[in-house]
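The values are calculated or read from the model by the stated rules, or taken from the named source; none is laboratory data. All figures in this text were calculated on a predicted structure; none of them were measured in a lab. Using ideal geometry, Cβ is built from the backbone for each residue, glycine included, and neighbour counts are taken over all protein chains shown. The accessibility values were calculated without ligands, DNA or RNA, using every heavy atom of the protein model including side chains. Shrake-Rupley method; radii C 1.70, N 1.55, O 1.52, S 1.80 Å.
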Amino acid sequence: MTVNWKKTAIVLLDIVIAAYLLLAITVFNEPEEKATVCTEVNINIAEQQQVGFLTPTDVKQLLEKQRQYPLAQPMQFVSTRSMEEALLQSPFVDRVECFKTQNGHISINLTQRQPVLHVMTNKGEQYYIDTRGDILPHTRLAGSLLVATGNISHSYAQKRLTPIAIEIMQDRFWQDQTEQLNILPDGTLELVPRVGDHVIYLGQPTDISRKLERVRKFYKYGLSHTGWDRYERINVEFDNQIICKKRS
């Protein structure tokens, strides 16, 4: 039997080349993250019009509590999805995206729930309402926020007060002027302004835009001439009327 050395050599060469290519593909396609650890965590919280609940330190602590904070961890073992799931367990987080970047960095982009109202009921209950009308637990909150006090049920706060709070928040004048909403036992509404020693009675929580616009005009054409402390109560409950009670 004659051995075809030339053919054998070509086959062996093909095997060697194939093995080299397979090794090269394996080595060069191996994720670099296996050789690196997380050296930096960038936490970015989206800016919002109103104050928020969370700071970057809070986000770090939330991840540490769930043993998901990636700093100094091998990148191959860092699960950005697990990080997102851990952060979404917080009632204050709306949306979050975590991803790996080059050089062993992790970026966290987070949007938090936006509170519009701090509710303090006459039964001692405290909580927040966000822009969607959802109830958020009471916690420390940086900055000031519109306060609602009095006889307030969860349903009343969510369905009645949320749109009023959003309207006030979106109007720069009333945002600066409104300090407190007070709900009376019959469900009617009072507004306590920051400027002026008086209370604005709005009545039922309906047609708030028109009622506030009447007050705005009264401020401009009335109180600006007579003085902010002349009246103790301004009633705009009824259409096309402003009933004022003079201070004793």
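Collect the residues in the range 120-151 that are under 18 Å from the mean Cα position of the chain (by Cα), among the polar types (S, T, N, Q) and more than 21 Å from Q170 (Cβ to Cβ), keeping them in residue-number order.
T139
Given L54, L117, L62, which one is within 18 Å of the chain's Cα centre (by Cα), in contact (Cβ under 8 Å) with a residue 24 or more places away in the chain and in a helix (DSSP H, G or I)?
Just one listed residue meets the conditions, L62.
Can you pull out every residue in the range 100-131 that is surrounded by fewer than 20 Cβ atoms within 10 Å (Cβ to Cβ) and over 20 Å from L54 (Cβ atoms)?
Listed by number, the residues that qualify are K100, T101, Q102, N103, H105, M120, T121, N122, K123, G124, E125.
Across the range 132-161, what is the total count of residues that are in a strand (DSSP E or B) and either open to solvent by less than 20 Å² (accessible area, probe 1.4 Å) or not hydrophobic (A, V, I, L, M, F, W, C) (or both)?
Summing the residues that are in a strand (DSSP E or B) and either open to solvent by less than 20 Å² (accessible area, probe 1.4 Å) or not hydrophobic (A, V, I, L, M, F, W, C) (or both) in the range 132-161 gives 5.
Have a look at I200, I242 and point out the one that is open to solvent by 60 Å² or more (accessible area, probe 1.4 Å) and not aromatic (F, W, Y).
Just a single option satisfies the conditions, and that option is I242.
Exactly one of these conditions fails for F92: (1) modelled with pLDDT under 95; (2) over 30 Å from P163 (Cα atoms); (3) open to solvent by less than 70 Å² (accessible area, probe 1.4 Å). Give me its number.
Condition not satisfied by F92: (2).
Return the residue satisfying two criteria in turn: it lies in the range 203-248 and is of a type in the set (D, E, K, R) and assigned to a strand (DSSP E or B), and of such residues it is nearest to Y156 (Cα to Cα).
Top of the filtered list is R233.
Could you give every pair whose Cβ atoms fall below 6 Å, whose first residue belongs to the range 182-209 and is modelled with pLDDT of 95 or more, and whose second residue is open to solvent by 10 Å² or more (accessible area, probe 1.4 Å) and of a type in the set (S, T, Y), counting only separations of at least 6 or pairs across chains?
If the second residue must be open to solvent by 10 Å² or more (accessible area, probe 1.4 Å) and of a type in the set (S, T, Y), the pairs left are N182/T149; E190/Y201.
Out of the residues in the range 162-184 that are open to solvent by 10 Å² or more (accessible area, probe 1.4 Å) and in a strand (DSSP E or B), which is farthest from M120 (Cα to Cα)?
Of everything passing the filter in the range 162-184, E179 is farthest from M120 (Cα to Cα).
Answer yes or no: is there a residue in the range 69-84 that is in a helix (DSSP H, G or I), more than 30 Å from I135 (Cβ to Cβ), modelled with pLDDT under 95 and in contact with a helix residue (DSSP H, G or I) (Cβ under 7 Å, 6 or more places away or on another chain).
For the range 69-84, residues in a helix (DSSP H, G or I), more than 30 Å from I135 (Cβ to Cβ), modelled with pLDDT under 95 and in contact with a helix residue (DSSP H, G or I) (Cβ under 7 Å, 6 or more places away or on another chain): present.
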